[in-house]
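Encoded as structure tokens, the structure appears first; notes follow it.
The values are calculated or read from the model by the stated rules, or taken from the named source; none is laboratory data. Bear in mind that the values here come from a model prediction, so they are computed numbers and not experimental data. So basically every Cβ, Gly included, is an ideal-geometry build from the backbone, and we count neighbours across all protein chains shown. Remember, those area values only see protein heavy atoms, side chains included, never the ligands or the DNA or RNA. Shrake-Rupley method; radii C 1.70, N 1.55, O 1.52, S 1.80 Å.
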Amino acid sequence: MSEKPLAGIKVIDFTGVQAGPACTQMLAWFGADVIKVERPQGGDVTRNQLRDDPDLDALYFTMLNSNKRSLAINTKTPEGKEVMEKLIREADILVENFAPGAMDRMGLGWEHIHELNPRLIFGSVKGFNDDSSWNDLKVYENVAQAAGGAASTTGFWDGPPTISGSALGDSNTGMHLMIGLLTAIIHRNATGVGQKVSVSMQDAVLNLTRVKLRDQQRLEKIGYLEEYPQYPNGEFGDAVPRGGNAGGGGQPGWILKCKGWETDPNAYIYFTVQEQNWKRTAEAIGRPEWVEDPEYTTARARQPHIFEIFAEIEKWLADKTKYEAVDILRKWEVPCAPVLSMKELAEDPDMRKSGTIVEVEQKGRGTYLTVGSPIKFSNFKPEIKGAPLLGEHGSEVLADLGYDANEIVALRDKQIIV
Ligand code: COA
């Protein structure tokens, strides 16, 4: 395919940190022209956060802003606002994820933007949705995981609520927003009218925690959850408990130790006892007598012994590395995988081959690793490029809007743009 799927779509990326940038980065990978609009002083805060080199934009920034252009402009000045309004008149999408009320305070609320360009789609991320009594709160990743049901259902029953290492609050919300924006583009193309698309981080986390709401209703009806470690010997309260590493669906599973676990914190596999594969599972781990034993034949019969079963499997795993174990178990169709460290993923040749992990050129830095597109197309391979320096494309963006060289210099002299 010569033309990228989103070629011709103009996006104003008025976002920062992770939730908004993750969304607009993916739009850029798929071919949209994404202009990141940033504060002249420092730009997106992530440029400066967790730097590994004091003179370079942080990886936090480069890994969420590749393939974009940067315009650094003070949109709180009349001249800066005028530039924004010109951009808005020409754009298809504007995405923002500022603190609640910030767009209105800047004079760039939805009604005004809709008036300026009725075709434009306005994407907005906030911590909580408009109907929430917490909709005035500023929110970061872990706050959203707490509010969206992920924290209360993650971790062990005898420990506190726990935050996931995955960005369920940030990038996940950005991905939800992207689905909404593309839906609104299809609608806009049919009707000629854009709309506001809002996603709250609490809602996006809850959407991924859907099965726990399933469990809440089951618990209220029958008083127990048979697939949780608390069953049948432990206590259930009135809310879904933390289930440790139990399988979230109908198949019990657990993280099991492999050879070397004493010194390697990731020498583990995830092992699933698949109901329909019990015969082969028992044979695989050298306990064929369990196939006919009434104490073990059905999932219900096994559940009271599930931790004895896992302990037996750990004995079988004791002389096998996690890779050796998976190589044996895959032949018996046991759903399982090694627990992979970030180091292992970064070095994984398959990940490089598929483009899920890519090495990208970045001005001044050389190369860095990033996660490429997890979405694969048969006719198009997203090419991941570096991230823009602060204000790198200011002159060309303004020239495209009709500003001449003198006007651009004047804006720069007045420090309205970088
Ligand atoms: N020129 C001039 N001013 C600008 C500007 C520009 N180019 N870009 C942003 N600003 C201003 C904003 O208008 C705002 O001004 P105000 O406070 O006077 O209204 C100010 O910069 C700070 O905005 P923001 O970055 O939103 O504030 P913050 O650093 O205090 O809060 C968050 C950061 C992430 C907590 C907050 O933006 C938020 O809750 N966002 C919604 C949820 C979200 O996306 N969270 C982050 C997930 S990764």
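For region 6-95, list the strands (runs of 3 or more DSSP E) that sit wholly inside it and hold at least 1 residues that are within 18 Å of the chain's Cα centre (by Cα); which are they?
So the answer is 10-14.
Residues checked against (1) farther than 28 Å from residue 5 by Cα; (2) in contact (Cβ under 8 Å) with a residue 60 or more places away in the chain:
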{"residue": "314", "(1), (2)": "yes, no"}
{"residue": "320", "(1), (2)": "yes, yes"}
{"residue": "334", "(1), (2)": "yes, yes"}
{"residue": "338", "(1), (2)": "yes, yes"}
{"residue": "346", "(1), (2)": "yes, no"}
{"residue": "378", "(1), (2)": "no, no"}
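Just one of (1) within 14 Å of the ligand (Cβ to nearest atom); (2) among the β-branched types (Val, Ile, Thr); (3) over 25 Å from residue 13 (Cα atoms) trips up residue 211, so point out which.
Exception for residue 211: condition (1).
Checking the structure you have, find out if any residue of region 174-182 is at pLDDT 95 or above and outside any helix (DSSP H, G or I).
Looking through region 174-182, none of the residues is at pLDDT 95 or above and outside any helix (DSSP H, G or I).
Going residue by residue through region 7-19, is there one that turns out to be without any contact (Cβ under 8 Å) to a residue 60 or more places away in the chain and buried (at least 20 other Cβ atoms within 10 Å of the Cβ)?
No, the conditions are met nowhere in region 7-19.
Say we look at region 107-128 and pick out the residues that are within 17 Å of residue 36 (Cα to Cα) and assigned to a loop (DSSP other than H, G, I, E, B); which of these is farthest from the ligand (Cβ to nearest atom)?
120
If the requirement is being open to solvent by less than 20 Å² (accessible area, probe 1.4 Å), over 16 Å from residue 19 (Cβ atoms) and not polar (S, T, N, Q), which of these qualifies: 184, 190, 204?
Answer to the check: 184.
Residue check: is residue 136 assigned to a loop (DSSP other than H, G, I, E, B), within 12 Å of the ligand (Cβ to nearest atom) and assigned by the TED database to the domain that holds residue 401?
In short, yes.
With 318, 301, 311 as the choices, which residue is at pLDDT below 95, small (Gly, Ala, Ser) and surrounded by fewer than 18 Cβ atoms within 10 Å (Cβ to Cβ)?
301
Applying the selection to region 262-292, what residues are in contact with a strand residue (DSSP E or B) (Cβ under 7 Å, 6 or more places away or on another chain) and β-branched (Val, Ile, Thr)?
Passing the criteria: 269, 272, 273.
Take region 366-381 and flag every residue that is open to solvent by 50 Å² or more (accessible area, probe 1.4 Å) and not in a strand (DSSP E or B).
374, 375, 376, 377, 378, 379, 381
Identify, from the list 195, 216, 145, the residue that is in contact (Cβ under 8 Å) with a residue 60 or more places away in the chain and away from the ligand (no atom under 16 Å from the Cβ).
Going through 195, 216, 145 in turn, just one is in contact (Cβ under 8 Å) with a residue 60 or more places away in the chain and away from the ligand (no atom under 16 Å from the Cβ): 195.
Hey, could you check region 72-98 for residues that are more than 9 Å from the ligand (Cβ to nearest atom) and closer than 15 Å to residue 408 by Cβ and say which is surrounded by the fewest Cβ atoms within 10 Å (Cβ to Cβ)?
Here the residue is 82.
In region 250-272, which residue that is without any contact (Cβ under 8 Å) to a residue 60 or more places away in the chain and closer than 20 Å to residue 296 by Cβ is surrounded by the fewest Cβ atoms within 10 Å (Cβ to Cβ)?
The selected residue is 250.
I'd like the full set of residues that are charged (D, E, K, R) and in contact with a helix residue (DSSP H, G or I) (Cβ under 6 Å, 6 or more places away or on another chain), limited to region 45-71.
Matches in region 45-71: 47, 57, 68.
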